[in-house]
Each structure stands twice: as structure tokens, then as C-alpha cells.
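Engineer: Pasting in a structure now, in C-alpha cells, and then I'll have a few things to ask.
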Amino acid sequence: MLTSCANAPDVIPGKGGIYGRLSADSHPAFNKKLESNQGSGSVYGDTQANDAKYRDNMVDYHQLDELYVGLIQPNLSPQQHQLTATSEGMSSHSLALAVGDTLQLHNNSTQSQRFYIAETADTGEGIQTFPTLEAGATANYKIDLEGDLELLSEDNENLKTLLFAKKNMLAKRVSSGDSYQFGNLDPGSYQLIFWYWRLGKIQQIVQVRAEENSRVDKTLTVDSVIKAH
Amino acid sequence: MKKRCLYFLLAGLAYFSMSPSLAAQSIAGHIDAPQQVKQVVVYLQAEGAVKSVQSQQVHKVSQKETAFHAPLTVISAGDKVQWSNDESKEIDHNIFSLSPVASFDLGLGEKGSILEQTFKNTGIVNYYCSVHKTMEGRIIILPNRHFQTLDRPGDFLIDNVPEGNWILNAVVLHLRYKAEALKLSIGKAPVTNLTLKIIKK
């Protein structure tokens, strides 16, 4: 649920900012049914005041913690992102980053891993391979591919992180309902991208003016993403 | 009566002898793949502009115990997929996809309901239920019905392939690998002992 509380960036002379709140929500048909099925007889379990008692196998959109907001801006310095692999899986299920960013991979599994990144589009054949990473070792890899990607290992099927890479994108990870901010921006037109791996992306152009902060709140739902698709 | 039967028999023979060639052959071979590769769909694609008219088929996917059965459906362009909610309890499911090949949101389906979608374009469509975490499915849409799905690489056989020039290829459900497509000229004899190699991208 959106509230009015989201921190704006500090105002800097000649600069502007973008801030807001990013959330995810269930399908509108689900919410509608929830409203009309409140009580212990609800098909979704015991519900009270639109608050579903989510079963373990259901997606609780208000608890999602891997939502990303990305800002496309020129002359962006490469960022570094950390991921750890154990025998059971990766430390993050998804990661948004810029082409040219560095991925610092720590192999905390019990065997060496041959990591690679592949385009996921069925027409895409792009592949980026990395040297074998020994058990216990850490290495930095620069991301060359762009688009919807997967980081995988040839040696363990459990190791998988979904990547969204875009040129000149500064991405921030938030939990559903959290606020975000990008400050110290030159006045002009900027592209914002909101992403959750299972719900896809919504893009929006935002005008930034000097000494002003533009607020952009967004809620990712199945229907809103598909309308924008 | 006998004369009339003979007349229809001769007329039928004359009709089929004047019809365009309906010859069709089988194609058989082996998929040569590394052990990491599991499911593959071997298929034929007509080389050049070949128009074939095929009736729409309906493929059924069951939603039961919060999973899609089967999770993989292979169809031909123009076919329809129907998802039936076969849960034993009152559980709703949603089906949506953000695939560039086909993005859709079929809404919420109650127990006993059927949701459906027709797929016009070829490609791969990953779809989900927005209500349940683990419900993921995939549809592979091919240009025709000349295909075979293999759970593991091995021998394949595709029947009733019309004469002409074809490309033998495979959808490999492992992002590290792809098939090394083969050009084939199908004549009046079966094609056997083909080897389709699965190689690293």
C-alpha cells in the first residue's frame, strides 16, 4: 500500500532528483476475490480486512524483497555487485545491473564452478563464459551482455541468478513498499525502469528540473506490467 | 451395381493420380549431446516459402496440486492451449506471460474452470501463475507438426514429412547449448542414420 512517506533527496543548487516508493501487489482479480471472501471460510485461508493469510506456496507480494528500480544516466561509473554461491543456491535470485559493471562472485560451495551468463530470449545466442572458480575462491567478472540474462554454472543446476543488464543503468534494490531516491541529477529527461523478475518491467520517462525532486511511485502487478508491455 | 462401383473406383484412382504429389517420408536419427543436456525438441522447418494448411489443435494443461501438468507443452503455430483447474480444493489460479512471443493475462480461474490462449507466432513462451510461487510452465511453438519431444537425447523419428527441402533443428532446454542445424532434401525414400549434434554456444 502506498503512503505519503518517501524521503526526497537533498536539494543541491542546479541539480534535481527523483524519488518515490516501489511496491508489488497481487493480481486485481485476486484482491477483488479476497475482499468478497473475508472470514474463516475464505478460499485463501483465514482473512481479515483484506489481509490474506498466505500459504507457504503463495506469492505474498507485500513481502517481496528483490524489486529493482533503475535509472538510465550518462557517464555512470561502473558499479560492483556481490553474489555468493553455495551448493544449495545463489545468494540472490535476481540482480539488476549495468553493462560494464563488475560481478564479484564468491564460490562458497564445495566444488569448483564454471560460471557463465546466457541470454534468455529464445532468439538470443549470446554467451559469456568465465574461468573456473575454485571452491572458496572469489573473482571479479565484468558484464558484457545486455538484456534479460541468467548467471548459471555448468557444474551445479542449483546455481542460478536472473540478471537484467542495461547500459548506463544505476539500479537499486528495494523491498516492496520501500522508498528509493536518485539525487544530484543534471536537469533533463531520464528513463526509469522498475523490475521484478517474475512480473517483468515498467519503463517511465521522468523530467528532472533544477532544485526540484520528482516523485514517481509505482506498483508492479501482473495487469499493469502487461498493459505496459 | 458392379459397373457403378467400378466407375467410382476408376474415377478415384484418376483423381489421385492427377493430384499434386502427396509423398511423405520418415526421418530418423540420433541426437548426439553432452550429458548435461536433458530435454530436447527435434523439429523440421521448411526451407523457403512453403505454405501448409493445418487444422488447429487444442492442447490441455492441467493445474493440480499447485503445479502445471505437464510443465512443457509443444505445439504448432495456430494451436490453442487450454488450462483446466483440476484442483480437488477451492484453489484459484492465474495464468500470465510476459514473453515477447505472446504476452497475456488470462485472469483468475476457479476450480473447474478452463482458461485458454491461441498462439500464432513461433518461439518459446514461459508462463506463470501469479498466485503460486512454484507454478511455472513453458510452451514451445513450432512452425508445423513435424517434431518429436525427447526427455533425454537419443534416437528420434519424425513421420509423414512431405518431399522438399527442410532444416532439421532442435530446441535445447539448456542455455549453454544449441543444435547444429542440418539441411535435408527429402525425396521418395526414408532418411535414416542422421546425427544432430548439440554443441556449446
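No lab work stands behind these numbers, since they all come straight from the coordinates. Quick caveat, the model's predicted, so the values are computed rather than measured. Because the Cβ atoms are built from the backbone with ideal geometry, glycine has one as well, and the counts that use them run over all protein chains shown.
Engineer: Using only the Cα atoms of the protein assembly as shown, what do you get for the radius of gyration and for Dmax, in Å?
Structural biologist: 26.4, 104
Engineer: Continuing with this model, one more query. Pairing the Cα long axis of helix B:2-18 with the longest principal axis of chain B, what angle in degrees results, from 0 to 90 and rounded to the nearest 10?
Structural biologist: It works out to around 70 degrees.
Engineer: Report, in cubic angstrom per residue, the convex hull volume of the C-alpha atoms of chain B.
Structural biologist: Details: hull volume 35.5 nm³, N = 201.
It is 177 Å³ per residue.
Engineer: Taking only the C-alpha atoms, wrap a convex hull around chain A and report its volume per residue in Å³ as a whole number.
Structural biologist: Enclosed volume per residue, from the Cα hull, is 146 Å³.
Engineer: Neighbouring Cβ atoms within 10 Å as the yardstick, rank B:Ser99, B:Ser62 fewest first.
Structural biologist: Neighbour counts put them in this order, fewest first: B:Ser62, B:Ser99.
Engineer: Same structure again: Label B:Asn193 and A:Lys142 with points 7 Å out from Cα along Cα→Cβ: what is the distance between them in nm?
Structural biologist: 5.0
Engineer: Please build a GNM for chain A, connecting alpha carbons under 10 Å apart, and tell me which residue among A:Lys33, A:Lys15, A:Lys218 fluctuates the most.
Structural biologist: In this elastic network of chain A, the residue with the biggest mean-square fluctuation among A:Lys33, A:Lys15, A:Lys218 is A:Lys33.
Engineer: Related question: Can you compute the label reach from B:Lys89? Point 7 Å from Cα along the Cβ direction, backbone N cut-off under 18 Å, restricted to the range A:16-39.
Structural biologist: Hits in the range A:16-39 for B:Lys89 at 18 Å: A:34, A:37-39.
Engineer: Order these by the 10 Å Cβ neighbour count, fewest first: A:His106, B:His174.
Structural biologist: With the fewest neighbours first, A:His106, B:His174 line up as A:His106, B:His174.
Engineer: Right, here's the next one. With the cut-off at 24 Å, tell me which of the pairs B:Lys80/B:Lys183; A:Lys32/B:Lys111; A:Lys227/B:Lys133; A:Lys227/B:Lys38; A:Lys227/B:Lys201 have Cα atoms farther apart than that.
Structural biologist: Correct reply: B:Lys80/B:Lys183; A:Lys227/B:Lys38; A:Lys227/B:Lys201.
Engineer: On a C-alpha basis, how far is the centre of the range B:145-187 from the centre of the range A:78-139 in Å? Whole number, if you could?
Structural biologist: So the two Cα centres are separated by 32 Å.
Engineer: Could you check what % of the DSSP bridge pairs in the protein assembly as shown are antiparallel, to the nearest 5?
Structural biologist: 75
Engineer: State, to one decimal in nm, how far the label point of B:Ala77 lies from the label point of B:Ala181, with both points 7 Å from Cα in the Cβ direction.
Structural biologist: In this crude label model, B:Ala77 to B:Ala181 measures out at 1.3 nm.
Engineer: I would also like to ask the following. For B:Val101, A:Val99, A:Val11, which order do you get if you count the other beta carbons within 10 Å of each Cβ and list the fewest first?
Structural biologist: On the way: B:Val101 19, A:Val99 16, A:Val11 13.
Arranged by neighbour count, lowest to highest, B:Val101, A:Val99, A:Val11 become A:Val11, A:Val99, B:Val101.
Engineer: Where is the GNM fluctuation largest for chain A (alpha-carbon springs, 10 angstrom cutoff): A:Phe164, A:Phe182, A:Phe194?
Structural biologist: A:Phe182
Engineer: Enumerate by residue number the trypsin sites (Lys or Arg not before Pro) in the range B:98-174 meeting two conditions: DSSP loop (anything except H, G, I, E, B), and at most 10 other Cβ atoms within 10 Å of the site's Cβ.
Structural biologist: The qualifying sites are B:Lys120.
Engineer: Considering Cα pairs under 8 angstrom that are at least six residues apart, work out the relative contact order of chain B and quote it in whole percent.
Structural biologist: Rounded, it is 31 percent for chain B.
Engineer: Another question, then. Just the ratio, please: alpha-carbon radius of gyration of the range B:55-143 over 2.2 N^0.38 Å, N its number of residues.
Structural biologist: 1.00
Engineer: Around B:Glu180, under 12 Å between beta carbons, what's the net of Lys plus Arg minus Asp minus Glu among the other residues?
Structural biologist: Once positives and negatives cancel, what remains is +4.
Engineer: Now for a different question. Using the crude model of +1 on Lys and Arg Cβ and -1 on Asp and Glu Cβ, and no other charge, please compute the dipole size for the protein assembly as shown relative to its Cα centre, in debye to 20.
Structural biologist: Using Cβ point charges on Lys, Arg, Asp and Glu, the protein assembly as shown gives about 1520 debye.
Engineer: Another one. How much of the DSSP bridge set in the range B:59-201 is antiparallel, in percent, rounded to the nearest 5?
Structural biologist: On the way: 27 of 37 bridges.
Approximately 75 percent, going by the DSSP bridge assignments.
Engineer: Also: Given the Cα-Cα distance of A:Asp178 and A:Ala210 and 0.36 nm per residue of separation, how much length would full extension add, in nm? Could the numbers behind the result be given before it?
Structural biologist: On the way: separation 32, 0.36 × 32 = 11.52 nm, distance 2.52 nm.
Difference between extended and current length: 9.0 nm.
Engineer: When the chain is fully extended, how far beyond the present Cα-Cα distance does A:Glu134 get from A:Gln191, taking 0.36 nm per residue of separation?
Structural biologist: Full-extension gain reported as 16.6 nm.
Engineer: With an 8 Å cut-off on Cα pairs and a minimum separation of 6 or more residues, tell me the relative contact order of chain A in percent. Intermediate values should be presented prior to the final figure.
Structural biologist: Numbers: 563 pairs, mean separation 72.5, N = 229.
Computed value for chain A: 32 percent relative contact order.
Engineer: What are the residues whose amide H is under 5 Å from the amide H of A:Leu67, where those residues sit 5 or more places off or on another chain and H is modelled from the backbone?
Structural biologist: Here the answer is A:Val174, A:Ser176, since their amide H atoms fall under 5 Å of that of A:Leu67.
Engineer: Then there's this: Using a Förster distance of 35 angstrom, determine the FRET efficiency expected from the C-beta separation of B:Arg145 and B:Ala67, and round it to 0.05.
Structural biologist: Rounded to the nearest 0.05, the efficiency is 0.85.
Engineer: When the helix-only estimate is applied to chain A (DSSP H runs of n ≥ 4, each -39,500 (n - 2.57), divided by the residue count), what is the mean residue ellipticity at 222 nm, nearest 500 deg cm²/dmol?
Structural biologist: -2000 deg cm²/dmol
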